[in-house]
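Notes follow the structure.
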Amino acid sequence: MVSRRGIQFGESAPLNWQRGMFRLWLLVSAAWIMGWAIYLILSVIAQALTSLEDFLAIPIVFSGLLSRSCCAVWLRVGRSWIQV
């Protein structure tokens, strides 16, 4: 036990690495989404989206986001919901 100014503290709780890694993944994913959103907004402002190929990039980016989310759920919940 650690005592500080008369307050007794017990053993500290063990670190939950799975929760910490999930929070880190959320932070990295949010940064990735914000980066793409800012890039697309600036591209629209600069009139960069002029051809059909430019517009096809948007669903490709969001399908990447969907696949990342599915992988995160798979890692978070476990492999039990996908029969390998």
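Annotations
- All positions within region 26-78 that are at positive phi and of a type in the set (S, T, N, Q): Q47
- Residue selected from region 28-66 under the condition loosely packed, with under 10 Cβ neighbours inside 10 Å and polar (S, T, N, Q), by the criterion modelled with the highest pLDDT: S51
- Apart from one condition, W25 fits all of (1) surrounded by fewer than 10 Cβ atoms within 10 Å (Cβ to Cβ); (2) within 20 Å of C71 (Cα to Cα); the exception is (1).
The values are calculated or read from the model by the stated rules, or taken from the named source; none is laboratory data. Note that this is a predicted model, so its numbers are computed, not measured. For neighbour counting, all protein chains shown are included, and Cβ atoms are generated from backbone atoms with ideal geometry for every residue, glycine included.
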